[in-house]
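The values are calculated or read from the model by the stated rules, or taken from the named source; none is laboratory data. All values reported here derive from a predicted model rather than from experimental measurement. Backbone-built Cβ (ideal geometry, glycine too); neighbour counts: all protein chains shown.
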Ligand code: BTN
């Protein structure tokens, strides 16, 4: 039996070795070998001579996810241990239909927006979802709303960061467009905050990854079909920057002022000393959360919090590579430069 097949037979939590061996129709020695192989591949396998074997509670293995999926998102499903980036795994997964989903336990080369790294230790949620065809208007905002609602805590920061109630980064969204495919990548710090400027969802809510995943897919399916006006209204209800002083890095330079919500096209309105500016591409910085000192500030190296300081410069777009989507649809990269 190959390890992936065996994985699907593993129960949640500790079970005696003998019970698992009987269930799988294998010898104890075979069960041990397969369990060790899965752990070496990065899967969250519990295993101890005296306690037995099983999967970490809340892990998004297919046997716990697939029976709960009610819509079209999440099938076919690939659940992996250690990968470079779920975006790359999905990109290489040829011929799969809309809704195909890749989830991994950890990434060695996770990517964030603006060419940044996305630190991906085990215990968090890393997923890439395939959508086909022209993206629905305001796709990044729709994904952000679904994510914030599934997380059940925190606020959104334009264009699509999920921040904790105290302004640290909980999650992010990276949407990459290929010719007829959109790779929607989502990372959420569930158990571990990889940086001081980041937060973990479990600091605020007892949440299991499997529940977060299933909830997100179900909510996203609804938001993908939702009228634009409702998307904008709900996004603004979840907006963590509304009425706050912001410092936005744009391809044309830094814009400082007070965030005043979104335009119908999904741009960010900022009230500056010279009047209102509408930002279509950029990275919003907020004052840093109190008591948070970021040793990596200024390095622009990996996902940070809401401060925005030290975050990479350059054209920011909510959908990256090849074609860029700001918030309204797919556009050529050069058009993004004509911001405002
Ligand atoms: C951001 O910069 O805020 C976006 C972060 C997106 C990270 C996710 S994790 C799953 C998927 N695979 C990646 O390499 N990146 C995205």
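Summary of values
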| quantity | calculated |
| --- | --- |
| Condition check for residue 99: in contact with a helix residue (DSSP H, G or I) (Cβ under 9 Å, 6 or more places away or on another chain) and closer than 30 Å to residue 267 by Cα | yes |
| Close pairs (8 angstrom Cβ cut-off, 6 or more residues apart or separate chains): free of Cβ contacts under 8 Å to residues at least 24 places away in the same chain and assigned by TED's automatic domain parsing to the domain that holds residue 154 in segment 202-222, buried (at least 21 other Cβ atoms within 10 Å of the Cβ) and not in a helix (DSSP H, G or I) anywhere | 202/190 |
| Residue identified as under 19 Å from the mean Cα position of the chain (by Cα) and more than 15 Å from the ligand (Cβ to nearest atom) among 122, 76, 67, 44 | 76 |
| Test: residue 72 is in contact (Cβ under 8 Å) with a residue 24 or more places away in the chain and assigned to a loop (DSSP other than H, G, I, E, B) | yes |
| Top-ranked residue in segment 174-193 [being surrounded by 21 or more Cβ atoms within 10 Å (Cβ to Cβ) and more than 14 Å from the chain's Cα centre (by Cα); ranked as modelled with the lowest pLDDT] | 177 |
| Residue 117 vs. criteria touching a residue at least 24 places away in the same chain (Cβ under 8 Å), within 10 Å of the ligand (Cβ to nearest atom) and under 26 Å from residue 57 (Cβ atoms) | no |
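Residues checked against (1) assigned to a helix (DSSP H, G or I); (2) surrounded by fewer than 17 Cβ atoms within 10 Å (Cβ to Cβ):
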site: 1; (1), (2): no, yes
site: 5; (1), (2): yes, yes
site: 18; (1), (2): yes, yes
site: 23; (1), (2): yes, yes
site: 33; (1), (2): yes, yes
site: 36; (1), (2): yes, yes
site: 42; (1), (2): no, no
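Each row is one residue, and each column tells you yes or no for (1) in contact with a strand residue (DSSP E or B) (Cβ under 6 Å, 6 or more places away or on another chain); (2) within 15 Å of residue 210 (Cβ to Cβ).
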site	(1), (2)
9	no, no
53	yes, no
64	no, yes
67	no, yes
75	no, no
85	yes, no
90	yes, no
94	no, no
